[in-house]
Amino acid sequence: MRRFSSSIVKATVAALTVATIGLGSANVASAQLPPLPPLPPMPATPGVPPVPGLPFQPAPAGEKEMVTFGDSFTANAGKGGPRGLQAAQSPLVPNCATDMENWPKTAARELGYSLADWSCNGTGGAPIVQLRAYLELAIQQGSIGPGTKEVAMMYGGLDTLQWVDAGMDMANIPTPDSTIFRESMRDAADRIRQVAPNARISLVSYPEFATNDQVCLFNEQNVLHPIAAPGATQVQEKFRDSLRNAARYAGMNFVDIYPETIGHGTCAARNEDRWVAGVVDPVIGPLPNHPTVQGTKAMGKLVAQKLR
């Protein structure tokens, strides 16, 4: 995912823009998503053979008890380090490797479930289309099926349609029940129900990044350098609320880990309490401005706890 701080700026600017142009924006946000054509279940493939020349080989195919989707706050695929990277799930998306200690891996271990982690850095940059494409690949490969128990996604941080909803809420503009983002989430949930009728489908909130309207992008060992970010806390709250509203509309379960992460953002005083790193940080994980190793494990345990 691009820097979460840039998403904060984007949301704030979007809210001010919406307030300026008035209720005319509501017509854009409330436009109906054109119905997607019905797609029959695709046969599961018995396995995906290695592909010569790819840096990461696809993970073994087969139905899994838990399947996850998300952007880089989920995949967290950067430098490998001692954690290493799990191969992309499909040779069609060889860039979608995932960190071996990201929150899906932790949650699945906590729950004792087999896992297909279809998260990928950048998911949502192409709203609607990208998530749906990964979902169809997961179905084609047989990751999702009648035996799947949990499908969880931490999604929306890069989806501009989601930020329209959040921006309208910040500007106190009434948001219709049906928005393009909510319709896209319902379509995704309905598609999952076609092939995995026994699965619980959950939308997961993101962790705290800014604390008390401050961000700490450049941290030294036990020395923080807070930067004022007026309104950042409210943006995070409205972002979380936007995801909750979308989950409710789509008939999905909502897993809210945001409250438990408050105080663990980039400005947490102790290194071990900082679950999201700045740009420069002694506890930086695989990616700057993304969850630390400690943070992604904590997120996974929270998700597992709330799914039990």
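The values are calculated or read from the model by the stated rules, or taken from the named source; none is laboratory data. None of these values were measured; they are calculated from a predicted model. Cβ sites come from the backbone with ideal geometry, for glycine too, and all protein chains shown count toward neighbours. These area figures cover heavy atoms from the full protein model, side chains too; ligands, DNA and RNA do not enter into them. Shrake-Rupley method; radii C 1.70, N 1.55, O 1.52, S 1.80 Å.
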Item to complete: Starting from region 236-263, keep only residues that are touching a residue at least 60 places away in the same chain (Cβ under 8 Å) and farther than 19 Å from N198 by Cα, then list their pairs with residues that are open to solvent by 30 Å² or more (accessible area, probe 1.4 Å) and part of a helix (DSSP H, G or I) whose Cβ atoms are within a distance under 8 Å, requiring at least 6 positions of separation or different chains.
Response: K238/D169; K238/M170; D241/D169; S242/D169; Y249/R186
Item to complete: Would you mention how many residues in region 193-202 are under 17 Å from the mean Cα position of the chain (by Cα) and crowded, with 22+ Cβ neighbours inside 10 Å?
Response: 1
Item to complete: Looking only at region 138-183, count how many residues are closer than 29 Å to Q236 by Cβ, hydroxyl-bearing (S, T, Y) and open to solvent by less than 30 Å² (accessible area, probe 1.4 Å).
Response: 3
Fill in: Residue in region 288-308 that is surrounded by the fewest Cβ atoms within 10 Å (Cβ to Cβ), counting only those that are part of a loop (DSSP other than H, G, I, E, B) and either in contact with a strand residue (DSSP E or B) (Cβ under 8 Å, 6 or more places away or on another chain) or among the aromatic types (F, W, Y) (or both)
P288
Practice prompt. Please determine, by comparing only the residues of region 62-109 that are assigned to a loop (DSSP other than H, G, I, E, B) and of a type in the set (A, V, I, L, M, F, W, C), which one is most open to solvent (accessible area, probe 1.4 Å).
Written response: L92
Worksheet, complete the sentence: If we ask which residues in region 110-123 are outside any helix (DSSP H, G or I), surrounded by fewer than 23 Cβ atoms within 10 Å (Cβ to Cβ) and in contact with a helix residue (DSSP H, G or I) (Cβ under 6 Å, 6 or more places away or on another chain), their number turns out to be 1
Worksheet item: Is it fair to say G285 is in contact (Cβ under 8 Å) with a residue 60 or more places away in the chain, at negative phi, open to solvent by less than 20 Å² (accessible area, probe 1.4 Å) and not in a loop (DSSP other than H, G, I, E, B)?
Response: no
Worksheet entry | Odd one out for D169 among (1) in a helix (DSSP H, G or I); (2) under 18 Å from P291 (Cα atoms); (3) at pLDDT below 95 | (2)
Worksheet item: Looking at (1) surrounded by fewer than 24 Cβ atoms within 10 Å (Cβ to Cβ); (2) in contact with a Phe, Trp or Tyr (Cβ under 7 Å, 6 or more places away or on another chain), which is the only condition Q236 fails?
Response: (1)
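Within region 264-272, can one find any residue that is hydrophobic (A, V, I, L, M, F, W, C) and open to solvent by less than 10 Å² (accessible area, probe 1.4 Å)? Explain how you work it out, then say what you get.
Residues of region 264-272 hydrophobic (A, V, I, L, M, F, W, C): 267-269.
Filter once more, keeping what is open to solvent by less than 10 Å² (accessible area, probe 1.4 Å): 268.
Looking for residues that are hydrophobic (A, V, I, L, M, F, W, C) and open to solvent by less than 10 Å² (accessible area, probe 1.4 Å), one finds at least one in region 264-272, hence yes.
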